[in-house]
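Here, each number is a calculation from the coordinates, and none is a lab measurement. For clarity, every value in this text was computed on a predicted model and none was experimentally measured. When we count neighbours, we look across all protein chains shown, and the Cβ atoms used for this are built from the backbone with ideal geometry, even at glycine.
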């Protein structure tokens with residue numbers, strides 16, 4: 001019996017042989033994939049928008065203008081309580097590179113213990129060696145410490161010299177997924193690399209597509225990459241006079257930003273239905 005994924009809810013396939021034959025090969029494959037969308041949020045209102053818009057989980061951080069840092073105790077607790085979604089907390093003690101001293105590693109370990117006590121469902125982290133390779137032993141130690149929480153290796157992955165080699169190292173650490181733009185500035189430029197990583201992973205680890213995900217490119221990325229996991233902040237910059245500007249993954253550079261449940265709902269629909 002065919003099991004139809006979340007992306008095709010409401011599509012009357014059932015087990016009808018004629019209906020199955022009429023589907024294109026891509027449509028059938030897409031229907032059998034369960035598409036997961038994760039909102040990257042640094043404020044409580046964005047967490048609530050994630051819930052209302054139909055996101056599957058939240059990556060919680062602070063200081064997106066710095067590429068994201070570990071959020072506060074109060075924000076973690078409030079996000080878990082208010083969203084009702086699995087909250088995965090970024091474990092990053094400072095901005096800059098991803099080569100950490102022993103004392104910084106201990107801070108990361110303490111933060112993992114702490115967010116686990118607050119009800120987080122997962123953590124997001126990444127450690128590299130000075131030569132840019134994945135720091136497998138110290139990452140593995142944090143993965144073990146985080147259990148039973150889920151662990152994502154973040155976009156430090158994109159800073160490694162060889163993505164195929166880095167993927168094998170991340171798999172060896174025991175991480176559950178890796179967040180990547182395919183080693184490029186954004187997911188559109190990295191689409192071919194992302195598809196290759198999905199193929200290489202072959203179900204051993206989830207490839208989460210993130211970095212410049214927008215409603216206008218969501219459907220094509222879902223088709224081109226074959227990925228099941230997608231990640232974006234969907235921050236719409238708003239000027240002092242209320243004028244809305246382009247989406248931003250970092251600093252808006254103007255007055256403020258908003259994250260709208262309607263936009264989240266739209267991108268979920270586009271990812272699942274094209």
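Can you tell me the order of 201-208, 181-188 when each peptide is scored by its average per-residue count of other Cβ atoms within 10 angstrom, highest first?
181-188, 201-208
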May I ask you to compute the full-extension gain from residue 52 to residue 72, defined as 0.36 nm times their residue separation minus their alpha-carbon distance, rounded to one decimal in nm? 4.9 nm
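Pairs of alpha-carbon atoms within less than 8 angstrom and 6+ residues apart define the contacts here; what relative contact order does segment 119-231 have, in percent? Mind dumping the intermediate values first?
Numbers: 203 pairs, mean separation 24.2, N = 113.
Answer for segment 119-231 is 21 percent.
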Please tell me the relative contact order of segment 21-162 in percent, rounded to the nearest whole number, where contacts are Cα pairs under 8 Å and at least six residues apart. 18 percent
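From Cα pairs below 8 angstrom and at least 6 apart in sequence, can you work out the relative contact order of segment 35-273, rounded to a whole percent?
19 percent
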Using 1/(1 + (r/R0)^6) with R0 = 22 angstrom and r between the beta carbons of residue 107 and residue 133, what's the FRET efficiency to the nearest 0.05? 0.50
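Averaged across orientations, what area in nm² does the convex hull of the alpha carbons in segment 35-273 project? Before the final figure, lay out the partial values.
Details: hull surface 47.2 nm².
Convex hull of Cα atoms, orientation-averaged projection: 11.8 nm².
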In whole angstrom, and with the biggest value first, how far do the Cα coordinates of segment 167-211 range along each principal axis? 27, 16, 13
Between residue 200 and residue 269, what is the FRET efficiency for a Förster distance of 25 Å, r being their Cβ-Cβ separation, to the nearest 0.05? 0.30
Could you list, bin by bin from short to long, the percent of Cα-Cα pairs of segment 133-181 in 10 Å steps? 29, 59, 12, 0
